[in-house]
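Student: Here's a structure for you.
A short reminder: the numbers here are calculations on the coordinates, not readings from a lab. Just so it is clear, the structure is predicted and the values come from calculations on it, not from any experiment. So basically every Cβ, Gly included, is an ideal-geometry build from the backbone, and we count neighbours across all protein chains shown.
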Amino acid sequence: MTTNQLPEIAKKAERLLVDIEQVVRGFVRYHKYTLGTDLRTQAMAIVRLCHRAWRDRSRQLHWVSELVWAIDELKLSLQLGSQLKAFKNFSQFERLIRAAEELGRSAGGWKRQLHRKGQNSGTNTNRERAQILSGQATSTRGVNP
């Protein structure tokens with residue numbers, strides 16, 4: 001499958017992965033092999049989840065939900081990196097967090113769109129009231145006298 005056929009969210013995820021790879025290269029050794037490894041692993045997982053959600057239509061809502069969680073975890077790791085001063089400057093962090101937030105908005109929109117489809121695609125087309133199982137006399141009399 002070529003990149004041209006992928007949805008925009010997958011392209012954004014790939015761009016974020018490349019940006020994270022480039023930024024982590026500039027981390028000092030201590031952060032490169034701890035936080036940097038986590039960031040790279042999380043970004044790669046996000047790209048994989050995007051591809052899986054795009055290809056596995058039968059479980060798409062499940063994979064998109066996993067994608068939303070993975071993006072949130074990546075944003076937490078980026079925040080931690082900022083607090084630990086792992087980035088060379090604030091603009092590196094700002095660029096990555098904005099890209100992650102944009103990716104999160106796209107994934108959230110995708111999830112809402114799928115959730116709406118799931119709610120509206122019920123097999124029960126006629127709208128009937130639920131059957132009343134007890135009458136008024138039962139509720140006034142009490143169940144356990």
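Student: Quick one: Karplus J couplings for the stretch 71-77, per residue in order, coefficients 6.51, -1.76, 1.60, θ = phi - 60°, nearest Hz, x for Gly and Pro?
Tutor: 5, 4, 5, 5, 5, 5, 5
Student: State to the nearest 20 debye the size of the charge dipole of the stretch 3-118 about its Cα centre, where the only charges are +1 on K and R beta carbons and -1 on D and E beta carbons. Intermediate values should be presented prior to the final figure.
Tutor: Numbers: 22 positive and 12 negative charges, 40 e Å.
Dipole size: approximately 200 debye.
Student: If you look for lysine pairs in the stretch 3-118 that are eight or more places apart or on different chains, how many of them have Cα atoms under 16 Å apart? Show your work: numbers first, answer last.
Tutor: Numbers: Lys12/Lys75; Lys32/Lys85; Lys32/Lys88; Lys75/Lys85.
Count of close lysine pairs: 4.
Student: Show me 42-52, 100-110 ranked by packing, highest mean number of other Cβ atoms within 10 Å first. Kindly include the intermediate steps, with their values, before the conclusion.
Tutor: Values: 42-52: 20.1, 100-110: 18.3.
Final packing ranking: 42-52, 100-110.
Student: Over the stretch 16-91, what number does the Rg to Rh ratio reach, with both radii from the alpha-carbon atoms and Rh per Kirkwood?
Tutor: Values: Rg = 13.9 Å, Rh = 13.1 Å.
That ratio is 1.06, to two decimals.
Student: Separate question: Hey, with R₀ at 22 Å, roughly what FRET efficiency would Arg25 and Arg55 work out to, going by the Cβ-Cβ distance, to 0.05?
Tutor: Values: r = 31 Å, r/R0 = 1.39.
With a Förster radius of 22 Å, E is 0.10.
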